[in-house]
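One structure is given below, encoded as structure tokens.
Values in this text are rule-based calculations from the coordinates and carry no lab data. A quick note: this is a predicted structure, and the numbers were derived from the prediction, not measured. All Cβ positions, glycine included, derive from the backbone under ideal geometry; neighbour counts span all protein chains shown.
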Amino acid sequence: MNIAIVIGIKTDSISPDRFPEWLQDIPQSLYNKSKENWGNGDYGLASDAGIAYYLQKFSKHNISILTKKDIQLKEFNKYDVIIGLYDPYYYANDTNNPNSYKKYNQIIQQTSAIFLQPLSLQKFVLNKKLYTDTLQQHKIPVVETISFSIRNNMNVDTMIQKINKQCLLWECQSFITKPQPGGFGIGFKKWDLQKINKNKQSFSSYVKSIQSQVRIEKPLLLIQKFVPEFERFYEVRTYWLNGKYSHSIGTIIDPNSLGTSGFEEVKFAYPENEYDEDIFNTYDDVPEIIEQKLVNRLKKIGKQVCQIIPKDKTKEPFLLRIDFGCCLDNQKICRDYFVNEIEYVPNLFPEYSTHKDVLKLVGNSIIKKINDIV
Ligand SMILES: Nc1ncnc2c1ncn2[C@@H]1O[C@H](COP(=O)(O)OP(=O)(O)O)[C@@H](O)[C@H]1O
Ligand SMILES: [Mg+2]
């Protein structure tokens, strides 16, 4: 079997002093293919390059490493299976060109190789409005979302009118906007309805800036009620490997660092059963603990989500992340978490998951997937 892995995300990195033992002899040439610049001459190894090295070291197959210059039909046809950790959406953002997305997609459709993750899953996940509505139809808790098509001449007055109507129904004064596909924290913004009604200037400029972003797949501007708990409760990111629960990470993103393109300020937490005091005491900020009871509840919902996502003949995705936010605005005393997001090539936070060796976990999951395909 000839296997290829496409890398080059240059983010989601791990610093050399946190490398697991198997990673310590990674060749510089592979390191250089996907590393994150931390400034002052420091670089972290991006998660995709780490996983690629794991596959080269531990799989019995021949593993080739591809980068964006290799996204060509002739090249892809040399392989039986291609793992696209650097995916079409990444490619479009990296090259700042929506045509890159189309080109990569066409090659995936035309190639004789099996490409993972499957296009059907990618398209579903890149359409947050679609999957939010789909989950809602399956009675899975989500935040109600309305949307506007991102076009060249969006009518700001009509938008404000509709938002006013909706906020009346939602009984809220603050709402948020986020473009889809988002994913890089881009374009997230919180708004005060009264202020917009007095003066629409800043909302107009925002809409203009959204129009100028790379548009792919189904470009929508999503509107939700502002959920204040995001700033106080951990968003629980649950990881699923070949359809099975693996582990979770809780994050609170500092709201001041959201929607700007730089690094987000993040506070971390881990489930009781996955918490390793010895390791976490070596972190700069010692993380908090997430109650196991909550995680167990989320695992149940996550399983249902796994059943709903589209699958091709390769079945369960080798990797999936389901993010849960807190909380739905209802009368229940017990807080109801909702599904905020699904990702098919998520950030793994290898720097903050040292107790789990996530690169190895995902590497093994890919190896298992490849063996199943054989
Ligand atoms: N309805 C909301 N109310 C308040 N904060 C939100 C809301 N939706 C998202 N956020 C904040 O914005 C962040 C990014 O939004 P998310 O939906 O995860 O998009 P992406 O990760 O694709 O940029 C979330 O992690 C959360 O901190
Ligand atoms: Mg997110």
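What the table below lists for this structure:
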{"item": "DSSP beta bridges in segment 2-116 [antiparallel fraction, %, rounded to 5]", "result": "35 percent"}
{"item": "In range of the label at SER112: residues from segment 68-103 whose backbone nitrogen is under 20 Å from the point 7 Å along Cα→Cβ", "result": "70-84"}
{"item": "Per-selection Kirkwood Rh - segment 1-95 (Cα, Å, 1 d.p.)", "result": "13.8 Å"}
{"item": "Fully extended contour minus Cα-Cα distance, from GLU264 to ILE279, at 0.36 nm per residue", "result": "3.1 nm"}
{"item": "Length-normalised contact order of the chain in % [C-alpha pairs under 8 Å, at least 6 apart]", "result": "17 percent"}
{"item": "Solvent-free Debye scattering, log10 I(q)/I(0), computed from the Cα coordinates of the chain at q = 0.06, 0.14 Å⁻¹", "result": "-0.23, -1.32"}
{"item": "Under 17 Å from LYS139, Cα to Cα: aspartates and glutamates that are on another chain or at least 8 residues apart", "result": "ASP323, ASP329, ASP336, GLU341"}
{"item": "For segment 239-305, the Rg and Dmax computed from alpha carbons only, in angstrom", "result": "14.1, 36"}
{"item": "Solvent-free Debye scattering, log10 I(q)/I(0), computed from the Cα coordinates of segment 290-344 at q = 0.28 Å⁻¹", "result": "-1.23"}
{"item": "Trypsin sites (Lys or Arg not before Pro) restricted to DSSP loop in segment 20-78 with at most 10 other C-beta within 10 Å", "result": "LYS60"}
{"item": "Along principal axes, Cα extents of segment 251-374, largest first, whole Å", "result": "45, 40, 34"}
{"item": "Rounded FRET efficiency, nearest 0.05, which uses the C-beta distance separating GLN28 from ARG232 and R0 of 35 Å", "result": "0.20"}
{"item": "Relative intensity, log₁₀ I(q)/I(0), of segment 145-226 from a Debye sum that treats every alpha carbon as a point, q = 0.11 Å⁻¹", "result": "-0.25"}
{"item": "Backbone N within segment 87-117 under 15 Å of label point (7 Å from ASP372 Cα along the Cβ vector)", "result": "115-117"}
{"item": "11 Å reach of a label modelled at LEU328, 7 Å along Cα-to-Cβ, counting backbone N of segment 144-158", "result": "144"}
{"item": "Between segment 206-252 and segment 303-346, the Cα center-to-center distance that results, in Å", "result": "11 Å"}
{"item": "Ascending count of other beta-carbon atoms within 10 Å, so fewest first, for VAL339, VAL81, VAL374, VAL266", "result": "VAL374, VAL266, VAL81, VAL339"}
{"item": "Helix-only mean residue ellipticity at 222 nm for the chain, each DSSP H run of n ≥ 4 adding -39500 (n - 2.57), per residue, nearest 500", "result": "-10000 deg cm²/dmol"}
